[in-house]
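The values are calculated or read from the model by the stated rules, or taken from the named source; none is laboratory data. Since the model is a prediction, treat every value here as computed from it, not as a measurement. Here the Cβ is made from the backbone with ideal geometry for all residues, glycine too, and neighbour counts use every protein chain on show.
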Amino acid sequence: MLQTNPCPPGSSTYTVMAGDSLYLISEKLNVPFTLLYAANRGVDPSNLQIGQVLCIPPNPCTGNTYPLVIEEGFTLSQIGIWYGLTVEEIIAANPGVDPDNLQVGQILCLPVKKR
């Protein structure tokens with residue numbers, strides 16, 4: 001399905017070329033795959049079409065953090081377990097986040113753990 005809706009403000013566009021995949025596009029444009037996928041929910045990632053226009057979202061995370069797109073059922077406790085973080089570390093990286101009201105599609109910035 002070709003993208004026909006305009007991209008959200010702050011986004012740019014990318015026209016699919018031969019050999020492209022969402023993963024390769026995310027690498028080429030230095031956009032986390034999860035953000036690229038979330039910005040193009042109606043697109044079948046295994047069936048990109050040459051000439052198809054994708055929305056390229058800006059990366060809202062800065063510093064030593066990376067984005068995570070919230071999916072149904074996610075909780076800060078679960079995210080902490082999955083990524084080896086405490087709930088406090090996640091909240092510190094996301095001032096203003098309501099830990100009891102995460103929204104599907106919401107983006108959290110997760111701190112990179114020092115090893």
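Below, the figures for the structure above:
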| item | result |
| --- | --- |
| Residues of segment 82-97 that turn out to be surrounded by 11 or more Cβ atoms within 10 Å (Cβ to Cβ) and either touching a Cys at 6+ places or on another chain (Cβ under 8 Å) or in a loop (DSSP other than H, G, I, E, B) (or both), as a count | 5 |
| Hey, Gly63 modelled with pLDDT under 95 and of a type outside the set (Phe, Trp, Tyr) or not | yes |
| Residue list for segment 9-47, filter: among the charged types (D, E, K, R) and under 12 Å from the mean Cα position of the chain (by Cα) | Arg41 |
| Search result, residues across segment 55-104 that are in contact with a Gly (Cβ under 8 Å, 6 or more places away or on another chain) and more than 23 Å from Pro8 (Cα to Cα) | Thr86, Val87, Glu89, Ile90 |
| Every pair of residues 6+ apart whose Cβ atoms lie under 9 Å, when the first sits in segment 92-115 and is closer than 11 Å to Ile70 by Cα while the second is part of a helix (DSSP H, G or I) and small (Gly, Ala, Ser) | Gly105/Ala38; Ile107/Ala38; Leu108/Ala93; Cys109/Ala93 |
